[in-house]
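Visitor: Before anything else, here's the structure in question.
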Amino acid sequence: MKPPPFDYCSPSTVEEVVDLLGRHGADARILAGGQSLVPLMNLRLMRPGVLIDLNRCRELDYIEHRGDELAFGPMVRQIKAAQSPLVRQHCPLVAQALSWAGPVAVRSRATVGGTLAHADRVAELPAAALALDATMVIQGPRGRREVPAQAFFLGDLTTAVEPDEFLREIRFPVAAPGARSHFCEVSVRQEGVAVVGVAMHLDMVGDRIAKAAVVAMGVDAIPQRLMQVEQALQARALDAQTAELASRCAFDQVDPATDPYASAGYRRHVVAQLVGRALHSIAAQESLYEQ
Amino acid sequence: MSNEMITVALTVNGQPMSAQAEPRMLLADFIRHRLRLTGTHVGCAHGACGACTVQVEGEPARSCLMFAVQADGCAIETVESLADDDSLSPLQEEFRNHHALQCGFCTPGMLMSAHALLSRKRDPSEAEIRREIAGNLCRCTGYNNIVKAIQATARRLQADPELKP
């Protein structure tokens, strides 16, 4: 199937982007990597009248270390973010999550901002953003505003970005010394669309978990913080009993629905397993980027 | 800026080319219909099958998920870039030797993915090969002969450091 006609704009500056959004608003969609939007257009599930292509906006492609944060422009390609030494060192969960985001040809074009703004319920980076309490910077004709990750994802393909705004920058806190993280997911095919996944970030004091962030992906329309798991992990050591406890907590806390891709029982069982596996992986101190 | 024909001028397999396209024309269709390079195939038209894989600015890309107008001023490589006039590339030869294609529909995308891998890493493990082609669906072969063909090419690359995949 082919997409229906649309007007195409290719701005080179943020100022132009904001101006175009102001003029076209709800009739326009931002085109970033296109790996989520264009399939929907080709299947005629989305029919924007205007496409605002950000690919010529060089000023939106950056990764900057600013004190205790890593700031990403929205147009950073996922493969570049996953391989960046800055990201691997300071926000390893971001690199880990993105390495699951699809095959090479998709990750070469897909962007950090695009996957967050698109907010597919089984996209990896939203789960990592929630686990890390990322800050989303949104910009439009009324100026800039900041929204924390926990208030950004609102529902299926729905975020706090208004029709005449775009996701301008994403800031992640830099990992504390000794912090460990892990991302894993289950999909129907290797490098394919996920069914469920888990993003985990642990701040450690010695060999004890000081603070845990555990997010389940694919059990709800938006990524879900598993608060009970996080509480259960507090002050515990990274051992088999902890993994077992966390796994059971996750099983009890999630309440997925059955859909054409997987049953509720499957999702619940697999998420619980992944929580346990994530802890085992972290405890075994495997390479953080191994799949 | 409106939905009218736009001239797209780009470099394709080292040659400058240009043609007109509506904004909605996919790069895959532009390559096939405007540039008459029909090696690139359109399988699913939504990025899942990989048959449309080309290289854009040296990186693999799904040409069914790009609009032709986005490629203005870019350098792209299609499967037609692999063979050297009349002789097949080592990778293509090994695909033939190992019966790595039956209907051939997925083959251009498989070749482009394999070529990208071998250009980056001349001695990939089987796991690395399978991961690299995981985005390319094949309904005929069961993948094993494709993997063997890529491994055979890697062995040839090991034996001859000057050889290009």
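Visitor: Any idea which of B:R139, B:R120 is open to solvent by 30 Å² or more (accessible area, probe 1.4 Å), without any contact (Cβ under 8 Å) to a residue 60 or more places away in the chain, facing chain A (nearest Cβ under 10 Å) and out of contact with any Leu (no Cβ under 9 Å at 6 or more places or on another chain)?
Guide: None of the others qualify; the one that does is B:R120.
Visitor: Turning to a different aspect of this structure: Scan the stretch A:109-132 residue by residue and report those that are within 11 Å of the chain's Cα centre (by Cα) and part of a loop (DSSP other than H, G, I, E, B).
Guide: A:A119, A:D120, A:R121, A:V122, A:A123, A:L132
Visitor: Looking for whichever is away from chain B (no Cβ under 13 Å), modelled with pLDDT of 95 or more and part of a loop (DSSP other than H, G, I, E, B) here; the options are A:P74, A:P3, A:P11. Which one fits?
Guide: Of A:P74, A:P3, A:P11, the one residue that is away from chain B (no Cβ under 13 Å), modelled with pLDDT of 95 or more and part of a loop (DSSP other than H, G, I, E, B) is A:P74.
Visitor: If I ask for residues that are surrounded by 21 or more Cβ atoms within 10 Å (Cβ to Cβ) and hydrophobic (A, V, I, L, M, F, W, C), which ones from the stretch B:91-116 would you list?
Guide: Within the stretch B:91-116, B:L91, B:F95, B:A100, B:L101, B:C106, B:M110, B:L111, B:M112, B:A114, B:A116 qualify.
Visitor: Considering the stretch B:46-58 alone, what residues qualify as being in contact (Cβ under 8 Å) with a residue 40 or more places away in the chain and within 14 Å of A:G102 (Cβ to Cβ)?
Guide: B:A48, B:C49, B:G50, B:T53
Visitor: Have a look at A:G114, A:G67, A:G73 and point out the one that is open to solvent by 20 Å² or more (accessible area, probe 1.4 Å) and over 21 Å from A:V198 (Cα atoms).
Guide: A:G67
Visitor: Before we move on, is B:E162 at pLDDT 95 or above and more than 14 Å from chain A (Cβ to nearest Cβ)?
Guide: No, not satisfied.
Visitor: Can you tell me how many residues within the stretch A:249-271 are β-branched (V, I, T) and in contact (Cβ under 8 Å) with a residue 60 or more places away in the chain?
Guide: The number of residues fulfilling the criteria is 2.
Visitor: Residue pairs, Cβ under 7 Å, 6 or more apart or interchain, first in the stretch A:121-135 and at positive phi and acidic (D, E), second surrounded by 23 or more Cβ atoms within 10 Å (Cβ to Cβ) and not in a loop (DSSP other than H, G, I, E, B). List them.
Guide: A:D133/A:A149
Visitor: Restricting to the stretch A:32-64, count the residues that are open to solvent by 10 Å² or more (accessible area, probe 1.4 Å) and β-branched (V, I, T).
Guide: Counting residues in the stretch A:32-64 that are open to solvent by 10 Å² or more (accessible area, probe 1.4 Å) and β-branched (V, I, T) gives 1.
Visitor: Against the definition (charged (D, E, K, R), in a loop (DSSP other than H, G, I, E, B) and surrounded by 13 or more Cβ atoms within 10 Å (Cβ to Cβ)), how does A:D255 come out, yes or no?
Guide: Considered against the rule, which asks whether it is charged (D, E, K, R), in a loop (DSSP other than H, G, I, E, B) and surrounded by 13 or more Cβ atoms within 10 Å (Cβ to Cβ), A:D255 comes out as no.
Visitor: Let me ask another. Go through the stretch A:120-146 and give me each residue that's open to solvent by less than 10 Å² (accessible area, probe 1.4 Å) and over 23 Å from A:V174 (Cα atoms).
Guide: A:G140
Visitor: Just the residues that are of a type in the set (G, A, S), within 11 Å of another protein chain (Cβ to nearest Cβ) and outside any loop (DSSP other than H, G, I, E, B), please, taken from the stretch B:14-52.
Guide: Result: B:A21, B:A28.
Visitor: Looking at the stretch A:164-187, I want the residues that are farther than 24 Å from A:M75 by Cβ and have a partner that is at pLDDT below 95 and crowded, with 23+ Cβ neighbours inside 10 Å with Cβ atoms under 9 Å, at least 6 apart or on another chain. Which pairs are those?
Guide: From residues that are farther than 24 Å from A:M75 by Cβ, there are no pairs.
Visitor: Taking strands (runs of 3 or more DSSP E) that do not extend beyond the stretch A:16-69, which have at least 2 residues that are among the β-branched types (V, I, T) and within 11 Å of chain B (Cβ to nearest Cβ)?
Guide: Fully inside the stretch A:16-69 and qualifying: A:50-53.
Visitor: Filtering the stretch B:53-79 down to residues that are of a type outside the set (V, I, T), more than 9 Å from every other protein chain (Cβ to nearest Cβ) and in a loop (DSSP other than H, G, I, E, B), which residue is least open to solvent (accessible area, probe 1.4 Å)?
Guide: B:C74
Visitor: Out of the residues in the stretch A:77-108 meeting the condition of being part of a helix (DSSP H, G or I) and in contact with a Pro (Cβ under 8 Å, 6 or more places away or on another chain), tell me which one is surrounded by the fewest Cβ atoms within 10 Å (Cβ to Cβ).
Guide: Among residues in the stretch A:77-108 that are part of a helix (DSSP H, G or I) and in contact with a Pro (Cβ under 8 Å, 6 or more places away or on another chain), the one surrounded by the fewest Cβ atoms within 10 Å (Cβ to Cβ) is A:V104.
Residue-wise test of (1) among the β-branched types (V, I, T); (2) in a helix (DSSP H, G or I).
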residue: A:A176; (1), (2): no, no
residue: A:E185; (1), (2): no, no
residue: A:E191; (1), (2): no, no
residue: A:V195; (1), (2): yes, no
residue: A:V198; (1), (2): yes, no
residue: A:A221; (1), (2): no, no
residue: A:Q241; (1), (2): no, yes
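Visitor: Let me ask something else. Restricting to the stretch B:2-52, and then to whatever is over 17 Å from A:P39 (Cα atoms) and basic (K, R), can you tell me which residue is surrounded by the most Cβ atoms within 10 Å (Cβ to Cβ)?
Guide: B:R32
The values are calculated or read from the model by the stated rules, or taken from the named source; none is laboratory data. Being a predicted model, the structure only gives us computed values, none of them experimental. Note: ideal-geometry Cβ built from the backbone for every residue, glycine included; neighbour counts use all protein chains shown. For accessibility, only protein heavy atoms count, side chains too; no ligands or nucleic acids. Shrake-Rupley method; radii C 1.70, N 1.55, O 1.52, S 1.80 Å.
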